[in-house]
Structures are given as C-alpha cells and as structure tokens.
Amino acid sequence: MNLTARTTDEIIDIALAEDLGAGDLTTDALIREAWSGRASFVAKAEGVLAGIEIAGRVFHRVDSGTRLEIFLKDSAVLTPGDVIGVVTGKLASILKAERTALNLLQHLSGIASATALYVAAVEGLSVKILDTRKTLPGLRALAKYAVWMGGGHNHRMHLGDGVLIKDNHLEALYEQGLSLNDIIAKARQHTPAHVKIEVEARTLDEARLAAEAGADIVLLDNMSPGLMQQAVELIDKRALVEASGGITLTNVRAVAESGVDFISIGALTHSVKALDISLEIETA
C-alpha cells in the first residue's frame, strides 16, 4: 500500500477547509497567539492504531511550527490509557487542528481494529482478508491504508484496477445475447494481459460455468459456507475463489474453512465504529 504525502495532504486540506474555512471564532477570541501548548493523544479503548503520522500532518498543515513526538506507531495494539504521542506548538494551532486530526485518527484506527479482529478469526488458515471499494468518498486511500495496518489486504483501489464482472454487467450482456464464454473473451480482448478477470457467481452452476469459461477468480456472492465448499470443489483449482456478502465475525471462520482463497468484507470500511482516542491538553 503506497500512501504518498501528496495524497494524504490533499485529503487533509479538504478536511481542514471544511472545518476551518470560516475561521475558529472560539480560539481566536480566547486564546492568545503567543501561548504555547502541549497535548497528548490517549487511547480510551482497546484496538489497533492507524493514522498517527497522518494526524501529525494535520497539525503541520495548520501550523508548520507544531511538532508531534510519536510513542506508538501504526499497527500497534492499544490498551486504554496508552499515550500514543505528544504534540507541541502554539496552543491556538493545536486547538484548531484537534478535531480534524482526531476524526482521521479515530476513523482509521477503527478500520484497523475491525480488520485485526477478522484476521485473528481466520488465523492458521491460508486465506486473505480483503477490503472493498465501499469507502467514504474521498477517504479511500487512507481507509485502505488502515486495512493494511490491521493485517488485511486491499482489493481494487478503483475501477481501473482490475476487471470484476458483476451481476449487473452479466444481466446487461446476457440481454445482448452474449454467453459467459463470450463475455470473458471480450474482457480479455480489451484489457492488458496481466489483468485478472474476476466473475461474480450467485449459484453453484454460475460458479462452475465461470471457471469453465476461463475466469481467473470466481467471486461467490452471498453463499452459505456449505455452498461455498461445494463451489470450491466444483471449481477444482481452475480459478481462485473469493467469498463476499454477509460475512461477519460470527461466520468468517466457517467461510474460511470452506477453502476459499480470499474473503472480502465491505464492513471493514463502510460501517466501522471509530476507535475512542482523545487529545488531552496538558496543564502546568
């Protein structure tokens, strides 16, 4: 996962413009420009850290004179009371950057924490936990970075990152009289040779046909673990197999034991709970 400073700063600048575009009436009215300050990021819940350097860049974008000393790095396991890092600089700058820094840090740490739970649930099995494109608009690069910090892997970053022929593609093309063999051949004809062709299957018959038609990856959509195991047997190593849809911490182990190669989970990014982290101003 290559998260560049440019990508990060573009996201931060949009977030800061949203929060500080009209100024900070409270801080400007009450806090003197000359006052210096010091504040600590403190974990309030158990989880996995992601985004502490990103939070530091938020302060730097507000005021290049602020500094963040990091005590715990991304992917660290947090317990309540852990001091993650300390930011120093002008008190007004710290207060102005606080909410944006925390929003990003809490959200990304929530993603990493959720991912780590799924990865732990399938420990010992040869399966990879993947994210999806179900991310908050504009935050995909950071969200997928957080998945890595939690021990997961990335699926497609964007629509130009691979071929995934889903149910709506299939319905539209079947209506045009194309067979699944025709569809896969057409996809190969119009994409680079190194690009994998993935096909969604909702039934055992569709899974078998996709493998026979030459799909590189067959995506089993919303199947039970029992049906997934049958699909894996039907595919018989002619293609890699991905499971998706309805995956929870309760059933992810059973899904993994079906023999699939990948498990993609939209909930890692689209409905994750932010991890409770606070920024506490230190007083003399």
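If we sort 46-55, 184-193 on the protection proxy, mean other Cβ atoms within 10 Å, highest first, what's the order? Could the numbers behind the result be given before it?
Values: 46-55: 24.2, 184-193: 12.4.
My ranking of the peptides, most packed first, is 46-55, 184-193.
Using Cα pairs closer than 8 Å and at least 6 residues apart in sequence, work out the relative contact order for region 208-284, in percent.
Details: 83 pairs, mean separation 21.9, N = 77.
Relative contact order for region 208-284 comes out at 28 percent.
Enumerate the calculated ³J(HN,Hα) couplings along region 261-270 in order (Karplus 6.51 cos²θ - 1.76 cosθ + 1.60, θ = phi - 60°), each rounded to whole Hz, writing x wherever the residue is Gly or Pro.
8, 9, 10, 9, 9, x, 5, 4, 10, 8
Where does helix 225-235 land angle-wise versus the long Cα axis of the chain, in degrees 0 to 90, nearest 10?
60 degrees
What is the distance in Å between the Cα centres of region 43-90 and region 151-195?
41 Å
Mean residue ellipticity at 222 nm from the helices of the chain, using -39,500 (n - 2.57) per DSSP H segment of n ≥ 4 over the full residue count, to the nearest 500 deg cm²/dmol?
Values: 11 runs with 123 residues, N = 284.
Mean residue ellipticity, 222 nm, calculated: -13000 deg cm²/dmol.
Report, by chain and number, residues whose modeled amide H sits under 5 Å from the one on residue 165, excluding near sequence neighbours (fewer than 5 apart, same chain).
It is 198, 199, 200, by chain and number.
Let me have the relative contact order for the chain, percent, based on Cα pairs under 8 Å that are six or more residues apart. Each step should come with its number before you reach the end.
Values: 535 pairs, mean separation 62.6, N = 284.
Once normalised by length, the contact order is 22 percent.
Which cross-chain or sequence-distant (5 or more) residues have an amide H under 5 Å from the amide H of residue 241, H modelled 1.01 Å from N in plane?
When sequence neighbours closer than 5 places are left aside, the close amide H contacts are 218, 261, 262.
So how do 155-166, 194-205 stack up, highest first, on mean other-Cβ count within 10 Å?
The packing order, highest mean first, is 194-205, 155-166.
Place the peptides 220-227, 167-174 in order of packing, highest mean first, counting for every residue the other Cβ atoms within 10 Å and averaging per peptide.
Working: 220-227: 17.2, 167-174: 13.2.
Packing proxy ranking, top to bottom: 220-227, 167-174.
Determine the sum of side-chain charges near residue 43: Lys and Arg each +1, Asp and Glu each -1, restricted to other residues whose C-beta is under 15 angstrom from that of residue 43. Each step should come with its number before you reach the end.
On the way: positive: 44, 73, 273; negative: 46, 74, 82, 276, 280.
Residues near residue 43 contribute -2 overall.
Based only on the alpha carbon positions, what is the Kirkwood hydrodynamic radius of the chain, in angstrom? All intermediate terms of the calculation are to be shown ahead of the outcome.
Values: mean 1/r = 0.0478 Å⁻¹.
20.9 Å is the Kirkwood radius here.
Specify the angular offset, from 0 to 90 degrees and rounded to the nearest 10, of the alpha carbon long axis of helix 52-62 from the longest principal axis of the alpha carbons in the chain.
Helix 52-62 sits at roughly 50 degrees to that axis.
Quick note: the coordinates plus some simple rules give every number you see, no bench work behind them. Keep in mind it's a predicted model, so treat the numbers as computed, not measured. We place every Cβ from the backbone using ideal geometry, glycine too, and count neighbours over all the protein chains shown.
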